[in-house]
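Values quoted throughout were computed directly from the atomic coordinates according to the rules given, and no laboratory measurement underlies them. Just so you know, these numbers come straight off a predicted model, no measurement behind them. A quick note on method: Cβ atoms are made from the backbone with ideal geometry, for glycine too, and the neighbour counts reach across all protein chains shown.
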Amino acid sequence: MEERVHFPLQRFYHQNKSAMITNRQLCGPVTLTKISAATPHLYYLRKTMHYQTEQRGHPHSPDYRIYFKTSQGKYISPFHDIPLVVETEQGNDVPAKKPKKNESEVLFNMVVEVPRWSNAKMEIATKEPLNPIKQDVKKGKLRYVANIFPHKGYIWNYGALPQTWEDPDHTDKETECCGDNDPIDVCEIGTQVCLPGQVIQVKVLGILAMIDEGEMDWKVIAINAEDPDAKNLNNIEDVRKSRPGHLEATVDWFRKYKVPDGKPENRFGFNGQFKDKDFAVEIIKSTHEHWRALVQKQTNSGEIACKNISCCESPFKCSADEARDVVNSAPAFGSAHPVSPEGK
């Protein structure tokens, strides 16, 4: 068993109250409805909480897993137990309109699956109890993305927003495509190379509507709130102005990255144009509501594993002991296997 500690989270004070709020005091899904434009801003104190990860199995092998737990040692699901929105006393509401310049930015938690410039296709295991991160396997072989010239591997830190779900039974009215049955994806464009399993707070900047073999597969564009450039990037147009070619490279990468595997190029809604921050937040809110229905068993979950320790209204909620048993049933952490040439 090997543990890694990182994942800065936030404690914070409401501007009018002195009480400290943490995610341990919250129980259940966050609420993204009943938004009020009068929501007061928050003063954030960073890096006062953290999650931990625990590795199981052998790195670079099909049995490798990264499990998540709190600083108190309770095992959790990164899909269901990590809050979508960095917590506020207003029930984790997302403001309905862009905050003023003197207000704090609304931040979302992002679970990093794949570090920038790496090739291993790491992902949240949505069909396994507690949803650890694993490397995707196809026909018994570990999956890697090919290098798309002139890039090496993924060109951003890639991951997902927790407590979101692209419902395969929901048809998007704009693209007329159904969801891909996964949490919504995030491309984090900051300067830091993150680790698999790292949880960071991000500013949402925009979104790209990718269509993957007929399924809707939204790609949120965001930046780590701790990044030196974060204060200068507030919307997708800021990215276009400050980083010429970056958005075009993103579309090109997503269009071609499956071609080396013999698949056709991916398509895009809105003619491949990025939608702005406000549009992105509305999509995120929608996927969060679909997730709420999922963990409350109000929709067909199919093979999705919904075991969690914190969602009070969920019939899938389990005890800390049950969660521990899930992790203990996984193979012990062992030596890494040789990396496939595809992953170098």
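Quick notes on this one:
- With each label modelled as a point 7 angstrom along the Cα→C-beta vector, the A336-A146 pair spans 2.5 nm.
- Residue order, fewest to most beta carbons within 10 Å, for F149, F274: F149, F274
- Theoretical gain in end-to-end length, T171 to E322 [0.36 nm per residue, Cα-Cα removed]: 50.8 nm
- 17 Å Cα-Cα reach of K258 towards aspartates and glutamates, excluding residues that sit fewer than 8 places from it in its own chain: E123, D136, D180, D185, D212, E213, E215, D217, E342
- Of F333, C311, A323, farthest towards positive along the dipole that unit charges on Lys, Arg, Asp, Glu beta carbons give segment 305-344: F333
- Label zone at S301, where the point sits 7 Å out along the Cα-to-Cβ direction: segment 175-209 residues whose backbone N lies under 19 Å: 180-184
- Projecting the Cα positions of I223, L247, Y257 onto the charge dipole of segment 183-282 (unit charges on Cβ atoms of Lys, Arg, Asp and Glu, taken about the Cα centre) puts L247 furthest along the positive direction.
- Fewest neighbouring Cβ atoms within 10 Å first, the residues E113, E322 line up as E322, E113.
- Stretching the chain fully between C312 and T191 yields a gain of 39.8 nm (0.36 nm per residue, less the alpha carbon separation).
- Translational diffusion of segment 188-344, µm² s⁻¹ [Kirkwood Rh, Cα pairs; Stokes-Einstein; 10 °C; 1.306 mPa s]: 83
- Annotation: amide H of C178 within the under-5 Å range of D172, M216, sequence separation 5 or more or interchain, hydrogens built in the peptide plane.
- Sorted by Cβ neighbour density within 10 Å, fewest at the top, the residues L205, L130, L142: L142, L205, L130
- Hull shadow area, averaged, segment 266-344 [alpha-carbon convex hull, nm²]: 10.0
- Equivalent ellipsoid semi-axes - Cα gyration tensor, segment 227-313, angstrom: 32, 22, 13
- FRET E, pair Q72, K263, Förster distance 56 Å, beta-carbon r, rounded to 0.05: 0.80
- In plain terms, the bigger the Kirkwood radius, the slower the diffusion; for segment 136-258, with that radius from Cα pairs, at 25 °C and 0.890 mPa s, Stokes-Einstein puts D at 157 µm²/s.
- Based on the reciprocal of the average 1/r between different C-alpha atoms, the Kirkwood radius for segment 144-214 equals 14.2 Å.
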